[in-house]
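Each value in this text was obtained by applying a stated rule to the coordinates, not by laboratory testing. Note that the structure is a prediction, hence the values are computed from the model and not measured. Positions of Cβ are backbone-derived with ideal geometry, glycine not excepted, and every protein chain shown enters the neighbour counts.
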Amino acid sequence: MRPKCDIILKSNVEVRSCTLVTGFHGIGGVGFLTTKYLADELKAERIGFIKTRYLPPYVFLENKVLKFPYEIYKSDNLVFIIYNVQLELKDMYEVVKAIVEWTIANNFNKAILFGGLDIRFRKKNDIYKYRIVPTSAYARELQKINDKLFLEDKLYVVGPLALLLAYYELEDFPAVAVLPYAYPNKNDYIAVATAVDVFNEMTGIKVNTEKLIKLAEREQKIERELSELVRKYEKTLEVKDKDKLLYV
């Protein structure tokens, strides 16, 4: 029977004892955008692909290179899995299982996973910009974790990120999800910058977030301009309605 999911690597690539870094398309775009930004900034090399039974029928060019739906990149001891398009629901379980089995078979040392946490769950006096969800093995290895960074009880992680954490927990493998608070209805570059800062702290690598801050500022400016246009338009409608009343 043909495998439902294949991880295809270049023949000369060594991935043993690496750290997995990945995230999916979700709240604020944080998971995908953080993984993509880190891989780009660290000039990671594409080393492979994930081929699935229900592979999305989408490709595109980026810097004259054909991009595959699900790609694998490497920089030093970091392996990035980038989902250029949304992971197909029909493929989700097989892809997650394949990733977990592959990382464990190659003695990866840990997995750092990124996602977004709806900013509406953030309490008014909360000074922390993110929450974490560690597996038991990760918590044991780190030993000292600020309790206030843990995701609140009974808030659910859902989707492929939840499956990765669940399967890694079953395998007693060190993995942690980093969940910056993010606006759910847009790409939240401030939340992505927070995720990159946490990555820097966890790994000792210094990835600059200046580009993300500039993107966020540009989006905020556009939002303000659009809001002002809407306000002026609504005011115009109010005037027209008043005129109609005058001529009844």
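Kirkwood Rh and Cα-based Rg: tell me the resulting Rg over Rh for segment 133-210, rounded to two decimals.
Taking Rg over the Kirkwood Rh, I get 0.97.
Is there a pair in LYS10/LYS36; LYS36/LYS67; LYS124/LYS144; LYS110/LYS148; LYS36/LYS74 whose C-alpha atoms are over 18 Å apart, and which pairs would that be?
Listed pairs above 18 Å: LYS10/LYS36; LYS124/LYS144; LYS110/LYS148.
Within segment 147-213, report the chymotrypsin sites (Phe, Trp or Tyr not before Pro) that DSSP leaves as loop and that have at most 16 other Cβ atoms within 10 Å.
Passing sites in segment 147-213 are TYR156.
Trypsin sites (Lys or Arg not before Pro) within segment 1-72: which are DSSP loop residues with at most 12 other Cβ atoms inside 10 Å?
LYS10, ARG16, LYS43, LYS64
If we count other beta carbons within 10 Å of each Cβ, what is the order of VAL13, VAL133, fewest first? Present the calculation step by step, with values, prior to reporting the outcome.
On the way: VAL13 12, VAL133 21.
Fewest-to-most ranking of VAL13, VAL133: VAL13, VAL133.
Please pull out the direction-averaged projected area of segment 1-126, using the convex hull of its alpha-carbon atoms, in nm² to one decimal place. Working shown, then result.
Working: hull surface 38.6 nm².
Averaged projected hull area, Cα only: 9.7 nm².
Given (1) 13.6; (2) 19.1; (3) 12.5, which label gives mean projected area of the Cα convex hull in nm² as computed from the coordinates?
(2)
Evaluate E = 1/(1 + (r/R0)^6) for ASN146 and ASN208, where r is the Cβ-Cβ distance and R0 equals 25 Å; express this FRET efficiency to the nearest 0.05.
0.50
With r defined as the distance between the Cβ atoms of LEU155 and ASN200 and R0 fixed at 30 Å, what FRET efficiency is calculated, to the nearest 0.05?
Computed FRET efficiency for LEU155 and ASN200: 0.75.
Using +1 on the beta carbon of Lys and Arg, -1 on that of Asp and Glu, and nothing else charged, what's the dipole of the chain about the Cα centre, debye to 20?
440 debye
To make sure I understand, if each residue's beta carbon is the centre and we count other beta carbons within 10 Å, what order do VAL95, VAL207 fall in, fewest to most?
In order of increasing Cβ crowding within 10 Å: VAL207, VAL95.
Considering only PHE49, PHE114, PHE24, give the residue with the highest GNM mean-square fluctuation for the chain, with springs between Cα atoms whenever their separation is below 10 Å.
Result: PHE49 has the largest fluctuation of those listed.
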